[in-house]
1. Once fully extended, how much extra length lies between ASP394 and LYS382, figured as 0.36 nm per residue of separation less the alpha-carbon to alpha-carbon distance?
2. Rank-order 428-441, 216-229 by packing density, defined as the average count of other C-beta atoms within 10 Å over each peptide's residues, highest first.
3. Probe radius 1.4 Å, ligands and nucleic acids ignored: give me the carbon and sulfur share of the accessible area of the chain as a rounded percent.
4. Quick check on my link table: of LYS368/LYS406; LYS368/LYS458; LYS77/LYS432; LYS49/LYS209; LYS406/LYS432, which ones sit more than 28 Å apart, alpha carbon to alpha carbon?
5. Under a plain spin-label model, where a point goes 7 Å from the Cα along Cα-to-Cβ, how far apart in nm are LYS406 and ALA366?
6. For a quick protection proxy, order the peptides 59-68, 450-459 by their average other-Cβ count within 10 Å, most packed first.
7. Check cross-link reach from LYS78 to the aspartates and glutamates: straight Cα distance under 13 Å, and skip same-chain residues fewer than eight apart.
8. Pulled fully out, how much extra length does the chain show between ALA80 and ALA282, if you take 0.36 nm times their separation in residues and subtract their Cα-Cα distance?
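The values are calculated or read from the model by the stated rules, or taken from the named source; none is laboratory data. This is a predicted model, so every value here is computed, not measured. For neighbour counting, all protein chains shown are included, and Cβ atoms are generated from backbone atoms with ideal geometry for every residue, glycine included. The protein model used for the area step is the full one, side chains on, heavy atoms only, and it has no ligands, DNA or RNA in it. Shrake-Rupley method; radii C 1.70, N 1.55, O 1.52, S 1.80 Å.
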Amino acid sequence: MNISPIDAAEKATPAVKAFVWDYLDPWTNRSGATQLLTEAGFEVHPLPKDSSPRRLSGLVFIGSFASEDPAYQPYMKKYADDLHEFVDDGNVLVQMTQADQTENRPPFLPAPLKARRCDVDSAKLHVLAEGHTLAEGFAIPDGTAELTAPRLGWETFDRHGGFEVVISSDAYASHPILMEGAYGQGRIVLAAMHVDKRVDAKGKPAAEKHLDRLGQQFAKNLLQHVQDIQARRAAPLQVTPAPRVQGSFTEGSWTLAILPDTQVYSLRYPGLFSVQTAWLRAHAKQRNIQYVLHLGDITNNNTPKEWERAAESMELLDGHIPYAIVGGNHDYGPSGNASTRDTLLNEYFPYDKTAAMPGFGGAFEAGKLDNTYHLFEAGGQKWIVLALEWGPRDATIAWANDVMTKHPDHKGILVTHAYLFSNSRRYDTTDKNSPNQWNPHNYRTPNGVNDGQELWDKLVRKHNFVFTFNGHVLNDGTGYRADPNDDGQLVHQMLANYQMRELGGEAYLRLLEFDPDGDTVHVLAYSPLYDRYMLEHDQSFTIRLDKAPAEQPEMKESVPSQPKDQAASAALVPTK
């Protein structure tokens, strides 16, 4: 039998070894990575759990949901650093999808690479790096770069750095599904796919034929890629820049801008406060910004210097965009302790100047801006903003009810400092099973206060309110819920607070972009300091007015822990 030179060369090529962590997990009750890689042509071995991977060569493959294996955490504690040393020697490490509840950050990543998983799933695979070996065959038959099928991306990434995004849920790399990072002479591949889950506990093949096909293609691509890396012929990575949100603003849209707690800016970083208002002013026409709403805690200690700084920042909007402000607990009482209702707000924000702004409707108390209402028209709709004091008094609520009754043809927006908590439940001092940290009732504020549930029962549910906005709450500083009022209209209630981040908030503000259809609203979190959007599902989402919310973030049922990378030092985070 004659053997051609090409055949001889192929026979002389040593098999690529793959060391596999294959696990029958509780999420899918399936395994199959070993079978998949064997069929692709790898020489497969179980990954040794009791020895370092540094002396291995080829591929280490961590299967989907392997982090659920009781042996996983001890292994990573002992050998995580050795794994990226394995990569440094010219090898490849692949980790398939994991549950973000168990492991949202891969423990083996070297310092230059950053990645975080989240709960967001995707029914689309959008190929961004079409020439990449790992993406070969992932485009749909008509040649476009997008494939659609149920749950193709499972536990996608919401943050990354140093990686090339090969496949994402969209064209903006906002939620990567497959990405690759370089370390030394090798590569680290992270996936949000479970294409390695092929058979159940009894060996029965999985029913999703499209996943099996993609799995076979991925394993085939992976074999070629590992060979290329070991032969030092793999193409260099094209690192994907920090993700940006898909531009939702279109001709005919308009924007409502939200300024959450600025207390740390007024105290220590006044320039960041001005960065926010200067950006809003510069983009007022481009984004058709109709109103700016400040959610309270304008200052930290209710001192003249802080109020002076805050007034200077807000003055950048004068004559360009009308705005409404409310006081937070830090804006009242000595040193901002809310033990009285005394505030310097009205000294540094003169009533007459504010009353002269377009849309100013009136105030509860003559000459004071603690409780005001504002009228404007946008998108063919009349709107009314009720801006209420910290812990509104019963008399304030009676006035607010009267104002809303007199404007039944306006859609209402309630702005007050404390209303919704970070578990997406309204503050309710009578609910002993729900957290009530920083509830207005827990302060010494005189003349009575009302919390979120009381505001809902006494005011919001009775009228044509569409939105409520508040800040105040720490933890992760976000919350959202939608409830029908007494007439069956949905009221979208939102918490936004960024003061816990570096520099007291990194200049993040919230933008609501209203599409020309009048129903679709894109909720965005944007920092003009970084020119960057937050892409987490509770920061960037879409709702629809007067109907069930679409693509809304899931309601949180418990207080989430504060991400470590968002925590500021105690010196920068005022105590509530």
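1. 1.6 nm
2. Working: 428-441: 15.6, 216-229: 19.8.
Packing proxy ranking, top to bottom: 216-229, 428-441.
3. Using a 1.4 Å probe with all protein chains present, the chain comes out at 49 percent carbon and sulfur.
4. Going by Cα-Cα distance, LYS77/LYS432; LYS49/LYS209; LYS406/LYS432 fall outside the 28 Å limit.
5. For LYS406 paired with ALA366, the spin-label model returns 1.5 nm.
6. For the peptides 59-68, 450-459, the packing ranking is 59-68, 450-459.
7. ASP50
8. Extra length available between ALA80 and ALA282 comes to 68.0 nm.
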